[in-house]
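See structure below.
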Amino acid sequence: MKRLNIPVNKLAKETGLSPATVSRVLHHRELVNQETRLIVENKLKEYGYDLDELLKVQSEASKRIITVVVPSIINPFYYKILKGIESSASSHNFEVIIYQNTITQSNVDKFMKVVNMTNTRGVVCLSRKLEKDLADSIFEQIPFIQCCEYNKDSIAPYVGINDFAAAKGAVDYIVNMGYKKVALLNGPIMFNYAQERLRGFEAALESHNIIIPRTWKISLPDVAYDLGYSAACQLLGADEKPDAIFCAADVFAASVLKAANRFELKIPTDLGVVGFDNIEMASITTPGLTTINQPSFQTGFTAAESLFELLHSHTMPRSILLDTELISRESIVRR
């Protein structure tokens, strides 16, 4: 495919427009009003560009790529979501580019440059919850869907789950099974899911009139097995230890199983464990993990389908919260 080197920054300076607006004229003309398009197109003619050829090349180059923003490709939770996105994209004859980062006010301009350089048609964002103004700003520049992490006040549509309700239901289950001293291993508190799962955890304990030490609510800086193992050892090696641990990710739950073995605690009689996500390892650990299943593949697929609805029909897709369910295995039993 022939590519043309367009001096976007020079065009922006000479027309008094922003580089993002100039880029939208080149790649997403339908998002720009006619007056603005004419300003840029007339300046391109002054530079000697064949406008018909230019628009044809830019249109052909940009109509088969979407970008997915992922904070980490190490976390196995994202694997099924990406597979869902890729499945949807393939059915629409689109390719998927993975952008590993977290979008913030300080790097959004850099991100938009990447979007423009790759001729991306739309973005599915799995980054942490964006500020409303930031999410709105990106949505105004390019079709944009929030996935998993979302700001419900933004104009950008989202697809996710109710993390608060899922976490509360999990802890209610733990307590109803007879465990009364429940600890929490949580993910990075900067993420909306971690905040909501913490709220659900606390709401469940409050509803059962259970008070626990503050040190039993642990938020880790990353969803990583080694971090989970260290935190679990800290909890289980103390004089006063929990009789159950709710883990905001199955990776943490697997690390708790290993830590329990180190301290010669039997699961589920000495310690009950409940995870979250229902990734593949949840069914192959010994014992198998009781966990909250969230429809990861469906989440990714639905988010991508929402993006293509926005791209093809220019109608605003509705935001969606998908259902979760508790999968009962051997890591917790009625006491």
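Numbers below:
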read-out	value
Cross-link pairs beyond the 23 Å C-alpha cut-off, checked among K10/K129; K110/K132; K129/K168; K80/K129	K10/K129
Other-chain or far-sequence residues with amide H under 5 Å of I245's (modelled H)	A183, G272, V273, V274
Residue-wise HN-Hα coupling along the stretch 312-319, computed from phi with Karplus coefficients 6.51, -1.76, 1.60 (Hz; x: Gly, Pro)	8, 10, 6, 9, 7, x, 7, 6
Karplus-derived 3J(HN,Hα), 6.51/-1.76/1.60, for each residue of the stretch 67-83, Hz, glycine and proline x	10, 10, 8, 10, x, 7, 8, 7, 5, x, 4, 6, 4, 5, 5, 5, 4
GNM flexibility winner over the chain from R318, R197, R214 (Cα, springs under 10 Å)	R214
Taking the chain and dividing mean pair separation by its residue count, relative contact order in percent (alpha carbons under 8 Å, at least six apart)	17
Placed amide H near E325: partners under 5 Å, 5+ positions off or other chain	N293
Karplus-derived HN-Hα couplings along the stretch 125-132 (A = 6.51, B = -1.76, C = 1.60, θ = phi - 60°), whole Hz, x at Gly and Pro	10, 9, 4, 4, 3, 8, 4, 3
Residue with peak Gaussian network fluctuation, the chain [Cα springs, cutoff 10 Å], from S230, S255, S23	S230
Loop-exposed chymotrypsin sites (Phe, Trp or Tyr not before Pro) per DSSP, neighbour cap 14 Cβ within 10 angstrom, longest uninterrupted part of the chain	48-262
Carbon plus sulfur fraction of accessible area for the stretch 165-310, probe 1.4 Å, in percent	51
Accessible area in square angstrom per residue, the chain, 1.4 angstrom probe	47
In the stretch 182-288, the GluC sites (Glu not before Pro) that fall in loop regions by DSSP, at most 15 other Cβ within 10 Å	E240, E264
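The values are calculated or read from the model by the stated rules, or taken from the named source; none is laboratory data. Owing to the predicted nature of the structure, the values given are computational and were not obtained by experimental measurement. Using ideal geometry, Cβ is built from the backbone for each residue, glycine included, and neighbour counts are taken over all protein chains shown. Keep in mind that these areas ignore ligands, DNA and RNA; they rest on the heavy atoms of the full protein, side chains included. Shrake-Rupley method; radii C 1.70, N 1.55, O 1.52, S 1.80 Å.
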